[in-house]
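**Student:** Got a structure for you, written out below as structure tokens; questions coming shortly.
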Amino acid sequence: MKIYDTVKKEDVEIADYKELIKIMQDGRQVDLYLKEKKSDEDGYMTWDVEHWSSIAPKRFIRCYSLEGRVLGESTGHNIYDLDNAFKPEEAAKIELS
């Protein structure tokens with residue numbers, strides 16, 4: 001899987017999404033630019049970019065953007081939630097910030 005590091009301005013090759021989790025735990029943010037817009041089950045919020053960060057070794061936060069505008073909502077996740085919530089395979093592009 002190829003991702004772009006916006007700080008070092010270079011492409012980085014990683015094996016799988018578990019490496020992305022390790023990168024987040026090491027203090028970097030992972031931005032998933034989705035192939036299409038997503039909405040929550042209630043239709044309350046729509047987004048096209050997910051910004052994932054680690055706030056503790058087993059705690060993560062996901063913030064959202066839509067068409068270049070950061071939304072005010074976020075969701076918290078533990079390490080076990082990531083199997084269901086963290087989906088880099090649905091991204092058209094992945095960046096590290």
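**Student:** If you count only protein heavy atoms with a 1.4 Å probe, what accessible area per residue comes out for the chain, rounded to a whole Å²?
**Tutor:** Values: 5920 Å² over 97 residues.
Spelled out: the 1.4 Å probe surface of the chain, per residue, equals 61 Å².
**Student:** A further question follows. So what's the chain giving for Cα Rg divided by 2.2 N^0.38 Å, two decimals? Walk me through the numbers on the way to the answer.
**Tutor:** On the way: Rg = 12.8 Å, N = 97, 2.2 N^0.38 = 12.5 Å.
Taking N as the residue count of the chain, the ratio is 1.03.
**Student:** Still on this structure: Over the chain, what is the relative contact order in percent, taking alpha-carbon pairs closer than 8 angstrom and at least six residues apart?
**Tutor:** Working: 173 pairs, mean separation 29.9, N = 97.
Reported relative contact order: 31 percent.
**Student:** While we're here: With an 8 Å Cα cut-off and a minimum separation of 6 or more residues, compute the relative contact order for segment 55-97 in percent. Intermediate results must be reported in sequence, preceding the final value.
**Tutor:** On the way: 32 pairs, mean separation 12.9, N = 43.
It rounds to 30 percent for segment 55-97.
**Student:** Over segment 21-69, what relative contact order in percent results from Cα pairs under 8 Å that are six or more residues apart? Display every interim value, and only then the final one.
**Tutor:** On the way: 77 pairs, mean separation 16.4, N = 49.
Relative contact order, segment 21-69: 34 percent.
**Student:** Given points 7 Å out from each Cα along the Cα-Cβ axis, report the Arg69 to Ser97 separation in nanometres with one decimal.
**Tutor:** 1.7 nm
**Student:** While we're on this one: What are the ³J(HN,Hα) couplings of segment 24-31, residue after residue, when phi is run through the Karplus curve with 6.51, -1.76, 1.60 and θ = phi - 60°? Round to Hz, x for glycine and proline.
**Tutor:** In residue order, the calculated couplings are 5, 5, 7, x, 9, 9, 10, 9 Hz.
The values are calculated or read from the model by the stated rules, or taken from the named source; none is laboratory data. Model, not experiment: these values are computed from the prediction. FYI the Cβ positions are ideal-geometry reconstructions off the backbone, even for glycines, and counts take in every protein chain you see. Accessible surface is based on the protein model in full, side chains and every heavy atom, while ligands, DNA and RNA are left aside. Shrake-Rupley method; radii C 1.70, N 1.55, O 1.52, S 1.80 Å.
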